[in-house]
Amino acid sequence: MTDMNQIVGDYDILMITLDTLRYDAAVLEEANCPNLCGGGHWEKRHSPGSFTYAAHHAFFGGFLPTPVTTDKTGPEHVRLFHSKNTGKPTHPHTWLFDTPDMVSGLAGESYKTVCIGGVIFFTKKVPLARVLPGYFQKSYWRMSFGVTNPRSTEHQVDHALKLLGETGQEERLFLFMNISAIHGPNHYFVPGAKRDSVDTQRAALRYVDGQLGRLFAAMRARKRPAICLVFSDHGTAYGEDGYEGHRLAHEVVWTVPYREFVL
Ligand SMILES: [Zn+2]
């Protein structure tokens, strides 16, 4: 069980959202994702939101995806982050923040908070797309990080490595990355494919995993250990029950993969 009160202050924190990754696609690719799944399996969880904007507000409010279980005898789910003084009892392993969101809470613990954006809600091009990046002290978005670039993750990781090079070993780092490659359009990850599908999403995930290895190695090379929290913000429908896309309530949208591990 992760004790966030042992983590905050001593560890770097890397939070990655694999935007739009479906749980079923993630599980089918576990064997082909040595960086994300080398040390374990995806957990099946429910997202607090059905699209990027809603889900990320919840995440930054401390509401990460919830384990999918109805087993009352199983292990208790311990929240990693929770707002202080809500009147609700909290577990001793839960890190409590006394700010509107966990990002500024970590900044209050001397963390350098950095956002590398991917999908449209992180572009900072219009006021709405500045809200989520605005949680962070530093935020970055380039056209090459976005959904239309077939090498977006490579560019995002390159930027992260540059920033890591500028971050002192004694500094506490909270790095958030929204990975855009798995979000549509992703058909170009399968040569000849004309439309997005579970198969093209799986190919995009393999590409992403291949790029994340460089980032994980760079985090491991830092003096502090790092905890990596990696999950999807929502899935997406590819025609199931007539539905297409997300921002709708369907099992393929609300079920997401989740992992946490130490680097
Ligand atoms: Zn999203």
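The values are calculated or read from the model by the stated rules, or taken from the named source; none is laboratory data. Since this is a predicted model, take the numbers as computed values, not measurements. Please note: Cβ atoms are built from the backbone with ideal geometry, for glycine as well, and neighbour counts cover all protein chains shown. To get the accessible areas, we keep the full protein, side chains included, count just its heavy atoms, and leave off ligands, DNA and RNA. Shrake-Rupley method; radii C 1.70, N 1.55, O 1.52, S 1.80 Å.
Is it the case that region 1-23 has a residue that's surrounded by 15 or more Cβ atoms within 10 Å (Cβ to Cβ), touching a helix residue (DSSP H, G or I) at 6+ places or on another chain (Cβ under 8 Å) and among the acidic types (Asp, Glu)? Yes: one or more hits. If only one of Thr200, Thr236 is of a type outside the set (A, V, I, L, M, F, W, C), in contact with a His (Cβ under 8 Å, 6 or more places away or on another chain) and more than 16 Å from the ligand (Cβ to nearest atom), which one is it? Unique residue meeting the criteria: Thr200.
Taken together, Ala55, Ala31 contain a single residue that is within 13 Å of the ligand (Cβ to nearest atom), hydrophobic (A, V, I, L, M, F, W, C) and out of contact with any Leu (no Cβ under 9 Å at 6 or more places or on another chain), which is Ala55.
Selection of region 244-263 for residues being at negative phi and assigned to a strand (DSSP E or B) yields Glu244, Thr255, Val256, Pro257, Tyr258, Arg259, Glu260, Phe261, Val262. Scanning region 58-92 for residues being within 16 Å of the ligand (Cβ to nearest atom), hydrophobic (A, V, I, L, M, F, W, C) and part of a loop (DSSP other than H, G, I, E, B) gives a total of 2. Per the conditions (1) within 16 Å of the ligand (Cβ to nearest atom); (2) in contact (Cβ under 8 Å) with a residue 40 or more places away in the chain, the sole criterion not satisfied by Pro48 is (2). Residues in region 172-196 that are away from the ligand (no atom under 14 Å from the Cβ) and touching a residue at least 60 places away in the same chain (Cβ under 8 Å): Arg172, Leu173, Phe174, Leu175.
When Arg247 is tested against (1) of a type outside the set (Gly, Ala, Ser); (2) within 14 Å of the ligand (Cβ to nearest atom); (3) crowded, with 19+ Cβ neighbours inside 10 Å; (4) more than 16 Å from the chain's Cα centre (by Cα), exactly one condition is not met: (3). Going through (1) under 11 Å from Pro257 (Cβ atoms); (2) open to solvent by 10 Å² or more (accessible area, probe 1.4 Å); (3) touching a residue at least 60 places away in the same chain (Cβ under 8 Å) one by one, Glu30 falls short only on (3).
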